[in-house]
Structure formats: structure tokens, C-alpha cells
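First the structure, in the form of C-alpha cells, and then the observations on it.
Each reported figure results from applying straightforward, stated rules to the coordinates on display, with no laboratory input. If you're wondering where the values come from, they're calculated on a predicted model, not measured in any experiment.
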């Protein structure tokens, strides 16, 4: 059993917004934000935020919740581009594992037909 204290760990908090509720029907991430913090320091150590082109229309219901419109994401990067940027930005720290997971998510999430 690992005896690492929580005081010695860094934490990454992830938030995503989507254009709908079902990846099965092609809903993909339209915004991602990550904040990294340590339990020993009362501040955020690093942040990353980006709108993402979900390659589909954002439903009116989703837009009313997240405030993101089709116009907001029309000229933004696709998910694979954003996940690469996130991985590059965190390559020298423990948040790299998170970015690899995001890359896999972006590659495996079905596209709208």
C-alpha cells in the first residue's frame, strides 16, 4: 500500500462542456478547462482553457446551459489539436497522464454523421 500523503500530491481539476448529452449520437467536447493545484499551496499553479470545435451544431438546450453558441466555436481548433496543446503544455508534470487520456477521448469519440 502506498503511503504517500495527500499533502505531497498535485491535483488536476477538469471541466468540459458539450453540445449535447450523448457521445453515442456524436456529441463532443466544445470547451475544456483544467486547473492544477497542490494541497500545500493555496493557489492554482497552472490553468488551461480552450473552446473546441465539436464539428456539429450546439443544441439550443446545451447553449442555454453553457452559454456557448455555434458562432463561438466555428473557427476554434478541433479536439485532437486542443488535446495535443494540452499535452505539450503539461509534458513536464504529472498532469501529462490527464492529457493522454484526453487525446484518447478525442480520438475515440464518434463524430456526427
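Semi-axes of the stretch 6-77's equivalent ellipsoid from the Cα gyration tensor, sqrt of 5 times each eigenvalue, largest first, rounded to whole Å?
On the way: eigenvalues 178, 30, 19 Å².
Each semi-axis is the square root of five times an eigenvalue, giving 30, 12, 10 Å.
Mean separation of Cα pairs under 8 Å and 6+ residues apart, divided by the residue count of the stretch 6-77: what relative contact order is that in percent?
Working: 130 pairs, mean separation 21.1, N = 72.
In percent, rounded to a whole number, it is 29.
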Return the whole-Å distance between the Cα centroid of the stretch 12-29 and the Cα centroid of the stretch 50-81. 10
